[in-house]
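Below is one structure; the comments refer to it alone.
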Amino acid sequence: MTTFYCVRHGKTEFNLNKIFQGGLADSPLLPEGIDNAKKAGNYLKDISFDGIFVSPQKRAQDTAQNIISSFESPLSIQTIEDLREMEFGEWDGHPEENYHHMEEFQNLVHRPHLYDPSEFGGETFQTMIDRSIAVFDSISQQFPNGTVLIVSHGLTLQSTLKYLDGSSIEEIRQGRFLDNTSVTILEKETASEKYKITKWNDTTHLM
């Protein structure tokens, strides 16, 4: 069985100010984000990881570095391009409120199966999920009996993990969104193609 410990990056300036922060935008971690990443590291430090895989975006890279700073013998971080956040095209880096009135914003938030960002150069949910699933499948083949750490992004993890667990694209935005520096555990049985979420949005280490 492959066990994935999936961590959303720490809280950033754009998170605080509700600015689109997809695969084409970045902003620094807040002091709170740094502190909570270290708390996540302390929470995870006794787990023997076989690999650490991180989005190339700076907020994820910085989160991962702060996590592994608590580890006694940390592994090297492997940067995986396809763990980046969903791309919002021309919306990236702009305040969310600029688009609240638009149908595609409402589809993004409430009707993901209808979301079509082609007019502003964004990614569809299916495109983002497909590239992310390829990463999880590759890692599970590399570590069929291993335990790995993934540091990525809210929408990428929310969508991909729920989809792998059996949710349709229509359903992936339902329920609680992943908090910054939360831990979600996904498992894949070696002899099966099926994935299962065994812990969702664990924030007990942040209390």
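Some notes on this structure:
- The GluC sites (Glu not before Pro) found in the range 39-92 that occupy coil by DSSP, while having at most 16 further C-beta atoms within 10 Å, are Glu72.
- Long-range amide H partners of Lys199 with built H, under 5 Å: Ile185
- Length-normalised contact order for the chain - Cα pairs under 8 Å, 6+ apart - percent: 32 percent
- When the Cα convex hull of the range 77-129 is projected onto planes of every orientation, the mean area is 4.4 nm².
- Relative to the current alpha-carbon distance between Thr79 and Lys18, full extension at 0.36 nm per residue lengthens the span by 19.3 nm.
- Using the Karplus relation 6.51 cos²θ - 1.76 cosθ + 1.60 with θ = phi - 60°, the per-residue 3J(HN,Hα) values for the range 20-27 come to 4, 9, x, x, 10, 9, 8, 7 Hz, with x marking Gly and Pro.
- Of the trypsin sites (Lys or Arg not before Pro) found in the range 1-78, the ones in coil according to DSSP and having at most 11 other Cβ atoms within 10 Å of their Cβ are Lys18.
- Taking Cα atoms only, the orientation of helix 125-142 departs from the longest principal axis of the chain by about 10 degrees.
- Each residue of the range 40-52 was assigned a 3J(HN,Hα) from its phi angle through the Karplus expression (A = 6.51, B = -1.76, C = 1.60, θ = phi - 60°), giving 4, x, 5, 5, 9, 5, 8, 8, 8, 7, 8, x, 10 Hz with x at Gly and Pro.
- Under the Karplus curve 6.51 cos²θ - 1.76 cosθ + 1.60, θ = phi - 60°, whole-Hz ³J(HN,Hα) for the range 191-207, x wherever Gly or Pro sits: 8, 10, 8, 8, 10, 9, 7, 10, 8, 10, 6, 6, 10, 4, 6, 9, 6
- Once you divide the Cα radius of gyration of the range 69-173 by 2.2 N^0.38 Å, the number left is 1.24.
- Restraint check, Lys18/Lys199; Lys45/Lys188; Lys162/Lys188; Lys39/Lys162, Cα-Cα greater than 18 Å: Lys18/Lys199; Lys45/Lys188; Lys39/Lys162
- Rounded percent of accessible protein surface that carbon and sulfur make up, the chain, 1.4 Å probe: 46 percent
- Scanning residues 5 or more positions from Thr12 or on other chains, those with amide H under 5 Å from its amide H are Leu30, with H placed 1.01 Å from N in the peptide plane.
- Two-decimal ratio, the chain, of alpha-carbon radius of gyration to 2.2 N^0.38 Å: 0.98
- The length gained on full extension between Met1 and Glu170, counted as 0.36 nm times the residue separation minus their Cα-Cα distance, comes to 58.0 nm.
- Fully extended contour minus Cα-Cα distance, from Ile185 to Asp130, at 0.36 nm per residue: 17.8 nm
- Looking at the chain alone, DSSP beta bridges between its own residues are antiparallel in about 50 percent of cases.
- Alpha-carbon centroids, the range 1-39 and the range 121-187: separation in whole Å: 15 Å
- Mean Cα-pair separation over length for the range 84-207, i.e. relative contact order, pairs under 8 Å, 6 or more apart, %: 23 percent
- Modelled FRET efficiency - R0 41 Å, Glu72 with Glu103, Cβ distances, 0.05 increments: 0.20
- Solvent exposure of the range 70-189 as accessible area per residue, Å², 1.4 Å probe: 46 Å²
- Cα-derived Rg over Rh, computed across the range 157-207 with Rh taken as Kirkwood radius: 1.00
The values are calculated or read from the model by the stated rules, or taken from the named source; none is laboratory data. The structure presented is a predicted model; accordingly, all values stated were derived computationally and were not measured. In this analysis, Cβ positions are derived from the backbone assuming ideal geometry, glycine residues included, and neighbour counts consider all displayed protein chains. Just so you know, the surface numbers come from the protein's heavy atoms only, side chains and all, with ligands and any DNA or RNA stripped out. Shrake-Rupley method; radii C 1.70, N 1.55, O 1.52, S 1.80 Å.
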